[in-house]
Amino acid sequence: MDRAFFPDVKGPVPFAGLDSDDPLAFKVYEPDRLVLGKRMADHLRIGVCLWHSFSWPGSDVFGSGTFDRPWLDARMDPMVGAHERLDAAFEFLDKLGVPFFCFHDRDVSPEGRTFAETQANLDAVVDAIAGHMARTGLRLLWGTANLFSHPRYAAGAATNPDPEVFAFAAAQVKSMLEATHRLDGANYVLWGGREGYETLLNTDLAREEAQLARFLHLVAEHKHKIGFKGTLLIEPKPQEPTKHQYDYDVATVIGFLERHHLEGEYRLNLEVNHATLAGHSFQHEVALAISHGMLGSVDANRGDYQNGWDTDQFPNSVDELSLAVFEILRGGGLTTGGFNFDTKLRRQSMDHDDLFHAHIGGIDTLAQSLLAAAAMIESGDLERLRSERYAGWTRPLGASILEGQAGLDTLAGRVLAGEIDPRPVSGRQELLENVVNRQIWAANRH
Ligand code: XUL
Ligand code: CO
């Protein structure tokens with residue numbers, strides 16, 4: 001494409017600060033600003049997804065696409081469209097000034113009539129992506145295979161009742177894992193698209209679990225075989241598109257991985273809206289993953305509290321996000337992961353620039369959440385109050401219980417003798433909530 005797709009944005013989007021009213025400037029995100037001794041850009045490792053932003057026309061179940069995405073026009077040669085899409089996507093990424101992007105195989109290259117043709121299409125597009133990366137300096141946060149859109153996957157991929165579908169999915173993941181390796185991806189994601197069920201009347205749960213475990217072992221084996229050094233990530237989600245997805249939430253996935261001796265091979269890619277669909281706060285999912293050493297990466301977005309589906313909106317609540325970022329900082333920060341915007345414009349946001357407004361707002365929300373979370377860490381109040389709450393466990397009684405020296409007889413004897421007589425202690429929730437709010441409100445002064 002010779003013409004710019006986003007001619008009204010010069011880029012890179014500058015940092016202009018809170019006093020600026022320029023809608024095409026960051027108010028808080030300042031990549032080189034040091035936060036807790038580390039660049040903001042290195043804390044957040046922001047990525048943009050190529051599916052919602054470049055491969056979705058703005059359709060919903062009641063209506064067709066509303067967005068101007070010429071490369072999706074069915075009358076265009078799909079490979080010509082694929083290259084046009086990449087031109088527009090890399091123009092956007094470069095102008096936005098983020099370091100990373102993410103994609104599924106089918107976001108960037110079309111299926112051919114045979115698998116060999118599909119592979120040739122992907123190879124050609126990956127060549128073009130490598131060229132764009134070399135030109136712009138953008139990096140791949142993660143790659144993934146789309147194992148849910150094609151009708152062959154209607155009953156799942158690895159958990160399909162037909163082993164031929166399992167084999168086809170295996171071929172697709174092999175191909176995309178190798179493409180991710182070639183592009184030096186930092187991670188490879190497996191979201192269980194249709195790994196779940198619609199009705200138990202036709203579903204053998206034990207069999208499907210065994211199939212999924214086998215599939216994940218094959219992926220891990222292939223990772224080592226080709227020498228891919230990135231992290232393999234599973235992305236939990238409780239439902240949608242299937243009525244019940246097997247990778248329901250963090251607790252379920254960790255249990256599954258441990259049951260099948262896969263916990264050393266995989267970590268988790270946590271999405272905000274998936275946490276809320278599972279009935280959890282995002283902070284909960286992040287904290288639980290960290291407590292098991294399993295946090296990998298984040299898909300940043302949000303849902304809408306009035307409905308129960310995955311609206312994938314751009315994040316805009318510092319109050320909510322800063323608590324999750326606080327957990328991430330407390331856990332030592334992200335390593336190979338980042339914050340990928342797995343986010344969709346609203347269907348009426350059809351101007352080309354809307355994609356910039358959406359990402360700029362989401363990135364500023366993240367940056368402000370980082371400042372607030374860093375202030376919570378720096379003040380030390382939350383950490384101090386939490387360790388005071390558990391202080392008993394570091395004293396002789398707690399230590400003797402945890403180390404297995406005190407059995408029921410010993411403990412009961414001491415209680416009976418009146419030596420142990422616990423008093424309820426305040427959990428100080430409101431005090432803690434005030435500490436958090438003060439840090440959120442004051443964060444910009446730091
Ligand atoms: C679906 C979802 C996916 C994964 C990648 O809800 O989040 O886009 O992130 O397959
Ligand atoms: Co996602």
**Message:** For the structure I just gave you, tell me whether Leu321 is under 19 Å from Val98 (Cβ atoms) and either in contact (Cβ under 8 Å) with a residue 60 or more places away in the chain or among the charged types (D, E, K, R) (or both).
**Reply:** no
**Message:** Against the definition (buried (at least 17 other Cβ atoms within 10 Å of the Cβ), of a type in the set (D, E, K, R) and in a loop (DSSP other than H, G, I, E, B)), how does Glu111 come out, yes or no?
**Reply:** yes
**Prompt:** Which condition breaks for Thr242 when tested against (1) among the β-branched types (Val, Ile, Thr); (2) crowded, with 17+ Cβ neighbours inside 10 Å; (3) assigned to a helix (DSSP H, G or I)?
**Reply:** (3)
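Return the residues of the stretch 187-208 that are of a type in the set (Gly, Ala, Ser) and away from ligand 2 (no atom under 16 Å from the Cβ); say none if nothing qualifies.
Ala206
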**Complete:** Residue count, the stretch 304-317, condition under 19 Å from Ile363 (Cβ atoms) and open to solvent by 30 Å² or more (accessible area, probe 1.4 Å), comes to 2
**Request:** Sort out which residues of the stretch 129-156 are surrounded by fewer than 17 Cβ atoms within 10 Å (Cβ to Cβ), in a helix (DSSP H, G or I) and of a type outside the set (Val, Ile, Thr), and write them in order of number.
**Result:** Ala130, Gly131, Ala134, Arg135, Pro151, Arg152
**Complete:** The residue from Ser59, Ser64, Ser53 that alone is among the polar types (S, T, N, Q) and within 13 Å of Leu355 (Cβ to Cβ) is Ser53
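Working carefully through the options Leu122, Leu93, find the one that is closer than 27 Å to Tyr29 by Cα and either touching an Asp or Glu at 6+ places or on another chain (Cβ under 7 Å) or of a type in the set (A, V, I, L, M) (or both). Walk me through how you get there before you give the answer.
Numbers: Leu122 fails: closer than 27 Å to Tyr29 by Cα.
Step by step, each of Leu122, Leu93 is checked, and only Leu93 is closer than 27 Å to Tyr29 by Cα and either touching an Asp or Glu at 6+ places or on another chain (Cβ under 7 Å) or of a type in the set (A, V, I, L, M) (or both).
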**Prompt:** Counting just the residues of the stretch 224-242 that are away from ligand 1 (no atom under 15 Å from the Cβ) and of a type in the set (Lys, Arg), which one comes out farthest from Leu200 (Cα to Cα)?
**Reply:** Lys229
**Request:** Kindly indicate which of Arg330, Arg347 is under 19 Å from Val436 (Cβ atoms) and in contact (Cβ under 8 Å) with a residue 12 or more places away in the chain.
**Result:** Arg330
**Message:** Given the criteria under 16 Å from the mean Cα position of the chain (by Cα) and part of a loop (DSSP other than H, G, I, E, B), does Thr276 qualify?
**Reply:** no
**Message:** I'm trying to understand the selection: among the residues of the stretch 226-239, which are open to solvent by 20 Å² or more (accessible area, probe 1.4 Å), in contact with a His (Cβ under 9 Å, 6 or more places away or on another chain) and not charged (D, E, K, R)?
**Reply:** Ile226, Gly227
**Item:** Filter result for the condition that a residue is open to solvent by less than 20 Å² (accessible area, probe 1.4 Å), assigned to a strand (DSSP E or B) and either modelled with pLDDT of 95 or more or within 15 Å of ligand 2 (Cβ to nearest atom) (or both), over Leu262, Leu268
**Value:** Leu268
**Message:** Go through the stretch 380-416 and report how many residues are open to solvent by less than 40 Å² (accessible area, probe 1.4 Å), outside any helix (DSSP H, G or I) and within 24 Å of Arg330 (Cβ to Cβ).
**Reply:** 1
**Request:** May I ask you to list the residues in the stretch 285-342 that are away from ligand 2 (no atom under 16 Å from the Cβ), among the polar types (S, T, N, Q) and more than 18 Å from Tyr266 (Cα to Cα)?
**Result:** Gln306, Asn307, Asn316, Ser317, Ser322
**Asked** Given (1) open to solvent by 20 Å² or more (accessible area, probe 1.4 Å); (2) in contact with a Lys or Arg (Cβ under 6 Å, 6 or more places away or on another chain); (3) in contact (Cβ under 8 Å) with a residue 60 or more places away in the chain, where does Gly97 come up short, assuming only one miss?
**Response** (2)
**Message:** Would you confirm, using the coordinates I've provided, whether Val298 is of a type in the set (Val, Ile, Thr), within 18 Å of the chain's Cα centre (by Cα), within 30 Å of Phe90 (Cβ to Cβ) and within 16 Å of ligand 1 (Cβ to nearest atom)?
**Reply:** yes
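Results for (1) in contact (Cβ under 8 Å) with a residue 24 or more places away in the chain; (2) open to solvent by less than 40 Å² (accessible area, probe 1.4 Å), shown as yes or no for each residue.
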site: Pro23; (1), (2): yes, no
site: Val35; (1), (2): yes, yes
site: Arg39; (1), (2): no, no
site: Leu44; (1), (2): yes, yes
site: His52; (1), (2): yes, yes
site: Ser55; (1), (2): yes, yes
site: Asp60; (1), (2): yes, no
site: Gly63; (1), (2): yes, yes
site: Trp71; (1), (2): no, yes
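The values are calculated or read from the model by the stated rules, or taken from the named source; none is laboratory data. The structure displayed is predicted, hence computed values, not measured ones. Neighbour counts are summed over all protein chains in view; Cβ atoms, including those assigned to glycine, are modelled from backbone coordinates with ideal geometry. Surface accessibility is based on the protein's heavy atoms, side chains included, excluding ligands, DNA and RNA. Shrake-Rupley method; radii C 1.70, N 1.55, O 1.52, S 1.80 Å.
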